[in-house]
Amino acid sequence: MKNNNENENKIPNREEIPLESRWDIQSLYSSLEEWEEDCQRTKKLADELLKYKDSFTEEATSFIKCLQSRDKILDLAHQVYTYAHMRKDEDNNDTQNQSIYNKASSLLVEIEDSLSFIQPGILSLNAKTIGKWIAENEQLKIYQHHLQGIFRKKKHILSPEKEKIIAQAGEMSMIPENTFGLLSNADLKFPSVKNHNGEYIAISQGNFVSLLRNKDRNFRKRVFRKYYQQYFLHRHTFASLLTGKLKKDRFFNKVRKYKNSLSAALFEDNIPIAVYDNLINIAHKNVSLLQKYIQLKKERLGYKNFYMYDMYTALSEKTDRIEYSKAQELILAALQPLGSEYLEIVKKAFKERWIDVYENKGKSSGAYSTGSYKSKPYILLNYQGTMEDVFTLAHELGHSLHSFYTNKEQPFIYSGYPIFLAEIASTTNEALLINYIIKNNAESKKDTLLILNNFLEQFRTTFFRQTMFAEFEKIIHQYEEKGGSLTAEWYSQQYADLIYKYYGNSVVIDKEIHMEWARLPHFYYDFYVYKYSTGFASAIALSRRILQEGKTAVDEYLRFLGKGSSEYPITILKQTGVDMISLNPLTEAMNLFAELLEQLESI
């Protein structure tokens, strides 16, 4: 019999991953020495910027030079941070990686401290003076939207002395998030579980969901319970970290005179709170569709009872591994409606090593797109060869192509497109992939079942599940703001109540799932998750336009990708014909979900 630890070797060390499957981080910095030089250069530039502190508001030329110098410093600082963040996520167990990440995080705080005089200085000016300077200076015109946004925040900007204190406190504010990442990705040690072949499979953050797709139900059950057992054993620590995050948010938002944390989070993008509430209300109104989907899965699988560890089980027995090269081919074929220009950039992503493909020991779980203004838009994956992994690759390519177009079309000041728009490009790619596979690869009812299941899973996980997370986030923030006592037991009960609300009697709610809140990094990102759901609904509308209208819709979509943050997100999205203030995109998404359920039921 194999030892429980034998399978640990099946998760390779970083150096065992082939070079062509690792992202080209060397194109950012070829050595740590080069990175260190940019750290020092960033500090030097920030020190030099201080010469403008008392005079940059006196006349237009100094004002312009100060803003341009600030952008240059932030551009470089973000590049330094991006490299350090990528190095850490390659291997969280590497102490050198942790060290440079901590140094980069501290540098960002230091830079923010150095630049903290700029916003109060801008706000000391008369809006008419700014308007006159903009009218008379071509170089300043690109900053018009940016400056209007600052004046919009005027009542939330403090005096230079107070802004300096807040900037200095920034490093401490990152402790809950950073500690959560280290605890979850580096310190938690998951056991191995024996499969039906007698092999011991090591559970990891990277393979947890793929293991829940295993055909062996008893194996899934053991994986599920042993995985969550680790979170249960550390529940008080996770509760303390999340509570620290909530209290930090309340402190900063109260100091800045926001009504509450939700208002503060939506203010930056000028998103009405009605958009957040509409999403939750639509999910509640259509929760019966979600429960119907689960009931259909239960009947198809022939289960008397359906458990949370059955949730990722495929309805079709077709579970062949999809090699990474095949995933690339599928995606290129599926994205053809977006045109040759878009496809050439996707090919470049594959050829030029934008992507870190496979899991290794210590690598951060999940997937994301990252990069600096001048770098490649990199992608972190933990590719396991499942159909979901193919969709994850398409999803992250959407993010990276969005970054590519934005960085190409916009100056640095508008290169950071708002998160409200960020999930649209990624989900549009997924919708096009679904359409392609259903039309071209579904050669039998079994194939159709597999693809329908995958798309319906997107509705379950991206729309309903993320909306449930958003509702949980709203509940815990409101409770903390009212002075409630936040304990691991309270978090678990609130989370369990939501599980019951969304899944009803269609699922047996295992006690382990009560701890799911502890494993989710989303709750450390300031009301981020609702944007997955609104982005999903927007993408459904956009993908339908692209497929039905062709070039006109594609041209509008590519312009959308290049807009960055040059306007408020609701405005940018309206230019594609999608109005998220209305209920129409949400209703359209739910109508499609109902149609797909009918197709599934008819098979």
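Rounded to the nearest 0.05, what FRET efficiency do N13 and N197 give with R0 = 30 Å and r taken as the Cβ-Cβ distance? Could you check?
On the way: r = 25 Å, r/R0 = 0.82.
Step by step, r from the Cβ atoms, then E = 0.75.
How big is the equivalent ellipsoid of region 423-516 along its three axes, where each semi-axis is √(5λ) from the Cα gyration tensor, reported in whole Å from largest to smallest?
Values: eigenvalues 253, 56, 12 Å².
With the √(5λ) rule applied to region 423-516, the semi-axes are 36, 17, 8 Å.
Only bridges with both residues in the chain count here: give the DSSP antiparallel percent, nearest 5. List each step's numbers first, then the result.
Values: 6 of 9 bridges.
The answer is about 65 percent antiparallel.
Do any trypsin sites (Lys or Arg not before Pro) in region 179-263 lie in a DSSP loop with no more than 12 other beta carbon atoms within 10 Å, and if so, which?
Details: sites: K189, K194, R213, K215, R217, R220, K221, R222, R225, K226, R235, K245, K247, K248, R250, K254, R256, K257, K259; in loops: K189, R213, K215, R256, K257, K259.
Counting only loop positions with at most 12 other Cβ atoms within 10 Å, the trypsin sites (Lys or Arg not before Pro) in region 179-263 are K189, K215, K257, K259.
Over region 297-359, what portion of Cα pair distances is larger than 15 Å, expressed as a whole percent? Please list the in-between numbers first.
Numbers: 1305 of 1953 pairs.
The share of Cα pairs beyond 15 Å in region 297-359 comes to 67 percent.
Take the Cα atoms of region 524-563, find their three principal axes, and give me the spread along each one in whole Å, biggest first.
Extents along the principal axes: 40, 20, 7 Å.
Compute the normalised compactness of region 160-286: alpha-carbon radius of gyration over 2.2 N^0.38 Å, N being the residue count. Don't jump to the answer; show the numbers that get you there.
Values: Rg = 20.7 Å, N = 127, 2.2 N^0.38 = 13.9 Å.
Relative to the 2.2 N^0.38 Å estimate, region 160-286 comes out at 1.50.
Just to be sure I understand the model, the point goes 7 Å from the Cα along the line to the Cβ. What's the resulting M172 to T487 distance in nm?
Placing both labels 7 Å beyond Cα along the Cβ direction yields 2.7 nm.
Using all alpha carbons of region 138-215, what is the percent of pairwise distances in each 10 Å bin, ordered from the shortest bin to the longest?
Histogramming region 138-215 at 10 Å steps yields 13, 21, 19, 14, 16, 12, 4, 0 percent.
Lys and Arg at +1, Asp and Glu at -1: add these up for the other residues within a Cβ distance under 14 Å of H85 and post the number.
Net charge in that neighbourhood comes out at -2.
Rounded to the nearest 10 degrees, what's the angle between the helix 466-481 long axis and the longest principal axis of the chain, both from Cα atoms, 0 to 90?
Rounded to the nearest ten degrees, it is 60.
Determine the calculated [θ] at 222 nm for the chain from helices alone, applying -39500 (n - 2.57) to every DSSP H run no shorter than 4 residues and normalising by the residue count; nearest 500 deg cm²/dmol.
Working: 27 runs with 367 residues, N = 603.
Using -39500 (n - 2.57) per qualifying helix, the result is -19500 deg cm²/dmol.
Apply the Debye scattering formula to region 279-435, with a single equal point scatterer on each alpha-carbon and no solvent, then give log10 I(q)/I(0) at q = 0.15 Å⁻¹.
After summing over all Cα pairs, the log10 values are -0.94.
How much length is gained on full extension from K153 to S99, taking 0.36 nm per residue of separation minus their Cα-Cα distance? Let's see the in-between values first.
Values: separation 54, 0.36 × 54 = 19.44 nm, distance 3.53 nm.
Extra length from K153 to S99 when fully extended: 15.9 nm.
If each of N126 and S106 carries a label point 7 Å out from its Cα toward its Cβ, how far apart are those two points in nm?
So the two model labels end up 4.6 nm from each other.
What number comes out for the charge environment of C39, summing +1 per Lys or Arg and -1 per Asp or Glu over other residues with Cβ under 12 Å away? It would help to have the intermediate numbers written out before the result.
Details: positive: R41, K43, K44, K103; negative: E33, E34, E36, E37, D38, E110.
Cβ neighbours under 12 Å give a net charge of -2.
Would you mind getting the Kirkwood hydrodynamic radius of region 469-603 from its Cα pairs, rounded to one decimal in Å?
Numbers: mean 1/r = 0.0558 Å⁻¹.
Radius from the Kirkwood sum: 17.9 Å.
Using a Förster distance of 41 angstrom, determine the FRET efficiency expected from the C-beta separation of K226 and S288, and round it to 0.05.
Numbers: r = 34 Å, r/R0 = 0.82.
With a Förster radius of 41 Å, E is 0.75.
Once you place label points 7 Å from the Cα toward the Cβ at Y368 and F251, how far apart are they in nm?
2.3
Considering only DSSP states other than H, G, I, E and B, which trypsin sites (Lys or Arg not before Pro) in region 439-509 qualify as loop sites with at most 14 other Cβ atoms within 10 Å?
On the way: sites: K439, K445, K446, R460, R465, K474, K482, K501; in loops: K482.
Counting only loop positions with at most 14 other Cβ atoms within 10 Å, the trypsin sites (Lys or Arg not before Pro) in region 439-509 are K482.
Hey, got a sec? Which chymotrypsin sites (Phe, Trp or Tyr not before Pro) in region 426-531 land in a DSSP loop and have at most 15 other Cβ atoms within 10 Å?
On the way: sites: Y436, F455, F459, F463, F464, F469, F472, Y479, W490, Y491, Y495, Y500, Y502, Y503, W517, F523, Y524, Y525, F527, Y528, Y530; in loops: Y525, F527, Y528.
Passing sites in region 426-531 are Y525.
Just going by the charge dipole of the chain, with Lys and Arg at +1 and Asp and Glu at -1 on Cβ, which of I322, L108, Y200 is farthest out on the positive end?
Result: Y200, furthest along the dipole toward the positive end.
Give me the extension gain from T237 to H145: residue separation times 0.36 nm, minus the current Cα-Cα distance, reported in nm with one decimal. List each step's numbers first, then the result.
Values: separation 92, 0.36 × 92 = 33.12 nm, distance 4.26 nm.
Additional length available on full extension: 28.9 nm.
If each residue of separation counts as 0.36 nm, what is the full-extension length gain between K511 and L332 once their alpha-carbon separation is subtracted?
Numbers: separation 179, 0.36 × 179 = 64.44 nm, distance 4.21 nm.
Stretched out fully, the K511 to L332 stretch lengthens by 60.2 nm.
Computed from the coordinates by the stated procedures, all read-outs in this text should not be read as laboratory data. The model shown is predicted, which means the values in this text are computed figures rather than measured ones. Cβ coordinates were reconstructed from backbone atoms using ideal geometry, including for glycine residues, and neighbour counts include every protein chain displayed.
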